[in-house]
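Asker: Sharing a structure, written as structure tokens. Questions coming.
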Amino acid sequence: MRLKLVSKTKLPTKFGEFTLVGFEEVVNRNNHIALIYGRISEEQPTLSRIHSECLTGDVFLSLRCDCGVQLKSSLKKIVKEGRGVLLYHRQEGRNIGLLNKIRAYSLQDVGFDTVEANLKLGFKSDERDFRICADMYRLLSIKKIRLITNNPEKVKMMQYFGIEVTERVPIVVGKNSKNYRYLRTKVKKLGHLL
Ligand SMILES: Nc1nc2c(ncn2[C@@H]2O[C@H](COP(=O)(O)OP(=O)(O)OP(=O)(O)O)[C@@H](O)[C@H]2O)c(=O)[nH]1
Ligand SMILES: [Zn+2]
């Protein structure tokens with residue numbers, strides 16, 4: 001087993017009361033969390049968001065990306081639905097890490113786009129490992145999801161790792177004048193459906 005469920009607790013938030021579940025990767029001790037709302041059924045597909053960590057967007061509401069607004073909107077959507085799960089996938093900067101993301105932003109300040117900046121730093125355009133998300137679903141006994149995303153690759157990855165995606169639920173929020181170029185690159189080079 002690559003991942004273990006460590007502990008659970010209640011997490012009241014301004015959106016509603018969630019159950020917070022903490023996970024640890026066995027090999028490197030990296031941590032991830034899930035926020036569960038309402039009663040999860042094994043039969044019915046669960047509305048779910050896989051949210052990749054973005055300190056600048058999630059905490060400081062950076063306008064360079066759309067993450068902060070997407071995070072809040074997903075939590076609201078799940079509460080409105082009455083049940084669902086948000087996986088907070090702690091692979092910052094598409095898994096190049098916070099400091100490399102700052103380096104990538106710095107390259108974008110002088111004209112590179114988000115993909116070119118990753119390549120220039122010696123990374124792939126997307127270094128994330130979505131296997132761990134499938135493991136989190138399995139540990140939560142979730143087999144079928146309606147996945148909130150604009151990224152078809154995430155849908156493919158979940159199917160590949162054995163989680164049935166019955167629907168892709170688009171999330172078209174967080175566009176602004178500062179992230180126009182970033183979002184355009186995601187559409188053109190990373191296949192996002194925006
Ligand atoms: N390397 C790098 N990572 C970035 C950059 N901008 C945002 N990120 C990271 O990208 C991740 C979010 O990925 P996105 O491409 O916005 O969206 P997605 O998760 O693939 O797809 P959605 O489900 O539609 O949101 C977070 O981990 C961010 O920290 C950037 O310019 N460079
Ligand atoms: Zn972001």
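Asker: For the list (1) away from ligand 2 (no atom under 13 Å from the Cβ); (2) not assigned by the TED database to the domain that holds residue 179, I need the number of the one condition that residue 87 fails.
Answerer: Going through the list (1) away from ligand 2 (no atom under 13 Å from the Cβ); (2) not assigned by the TED database to the domain that holds residue 179, residue 87 breaks only (2).
Asker: Continuing with the same structure: Output the qualifying pairs, or none if there are none: Cβ atoms under 6 angstrom, residues six or more apart or on different chains, first residue in segment 157-178 and part of a strand (DSSP E or B), second residue basic (Lys, Arg).
Answerer: So the pair list comes out as 164/144; 166/144; 166/146; 167/146; 169/146.
Asker: I'm checking my understanding of the structure. Among residues of segment 179-194 that are at negative phi and part of a loop (DSSP other than H, G, I, E, B), which one is least open to solvent (accessible area, probe 1.4 Å)?
Answerer: The extreme case among them is 179.
Asker: Which of the following residues is modelled with pLDDT under 95 and either of a type outside the set (Gly, Ala, Ser) or in contact with a helix residue (DSSP H, G or I) (Cβ under 6 Å, 6 or more places away or on another chain) (or both): 25, 43? Working first, answer last.
Answerer: Values: 25 fails: modelled with pLDDT under 95.
Just a single option satisfies the conditions, and that option is 43.
Asker: Something else now. Anything in segment 25-39 that is open to solvent by 30 Å² or more (accessible area, probe 1.4 Å) and assigned to a strand (DSSP E or B)? List them, or say none.
Answerer: 31, 33, 37, listed by residue number.
Asker: Also, quick follow-up: Tell me the residue from 103, 184, 146 that is closer than 28 Å to residue 22 by Cα and in contact with a Leu (Cβ under 9 Å, 6 or more places away or on another chain), please. Spell out the reasoning first.
Answerer: On the way: 103 fails: closer than 28 Å to residue 22 by Cα; 184 fails: closer than 28 Å to residue 22 by Cα.
None of the other options fit; the residue is 146.
Asker: Which of the helices (runs of 4 or more DSSP H) found entirely inside segment 97-149 contain at least 2 residues meeting this: free of Cβ contacts under 8 Å to residues at least 24 places away in the same chain and out of contact with any Lys or Arg (no Cβ under 8 Å at 6 or more places or on another chain)? Show your work before the answer.
Answerer: On the way: elements: 98-109, 114-120, 131-139.
In segment 97-149, 98-109, 114-120 are the helices (runs of 4 or more DSSP H) which contain 2 or more residues that are free of Cβ contacts under 8 Å to residues at least 24 places away in the same chain and out of contact with any Lys or Arg (no Cβ under 8 Å at 6 or more places or on another chain).
Asker: Looking at residue 19, is it away from ligand 2 (no atom under 16 Å from the Cβ), touching a Gly at 6+ places or on another chain (Cβ under 7 Å) and either open to solvent by less than 40 Å² (accessible area, probe 1.4 Å) or under 30 Å from residue 184 (Cβ atoms) (or both)?
Answerer: On the way: away from ligand 2 (no atom under 16 Å from the Cβ): yes; touching a Gly at 6+ places or on another chain (Cβ under 7 Å): no; either open to solvent by less than 40 Å² (accessible area, probe 1.4 Å) or under 30 Å from residue 184 (Cβ atoms) (or both): yes.
No; evaluated as a whole, the condition is false for this residue.
Asker: Still on this model: Looking only at segment 40-94, count every residue that is of a type in the set (S, T, N, Q), part of a loop (DSSP other than H, G, I, E, B) and within 11 Å of ligand 1 (Cβ to nearest atom) and tell me the total.
Answerer: Restricting attention to segment 40-94, the residues satisfying the condition of being of a type in the set (S, T, N, Q) are 41, 44, 46, 48, 52, 56, 62, 70, 73-74, 91.
Narrowing further to those that are part of a loop (DSSP other than H, G, I, E, B): 41, 44, 62, 91.
Next, from what is left, pick out any that are within 11 Å of ligand 1 (Cβ to nearest atom): 62, 91.
The qualifying residues number 2.
Asker: Now for a different question. Residue 106 versus (1) more than 16 Å from ligand 2 (Cβ to nearest atom); (2) open to solvent by 20 Å² or more (accessible area, probe 1.4 Å); (3) of a type outside the set (Phe, Trp, Tyr): which is the lone unmet condition?
Answerer: The single condition residue 106 does not satisfy is (1).
Asker: Looking at this structure, is residue 14 in contact with a strand residue (DSSP E or B) (Cβ under 9 Å, 6 or more places away or on another chain), farther than 18 Å from residue 147 by Cβ and not aliphatic (A, V, I, L, M)?
Answerer: no
Asker: Now for a different question. Considering only residues that are more than 9 Å from ligand 2 (Cβ to nearest atom) and buried (at least 22 other Cβ atoms within 10 Å of the Cβ), which ones fall in segment 54-70? Please lay out each step first, then the result.
Answerer: Step one: list which residues in segment 54-70 are more than 9 Å from ligand 2 (Cβ to nearest atom), which gives 59-61, 63, 69.
Correct list: empty.
The values are calculated or read from the model by the stated rules, or taken from the named source; none is laboratory data. Here the structure is a predicted model, which is why all the values come from computation and not from measurement. Ideal geometry is used to build each Cβ from the backbone, glycine not excepted, and the neighbour counts take in all protein chains shown. Surface areas here come from the heavy atoms of the whole protein model, side chains and all, with no ligands, DNA or RNA. Shrake-Rupley method; radii C 1.70, N 1.55, O 1.52, S 1.80 Å.
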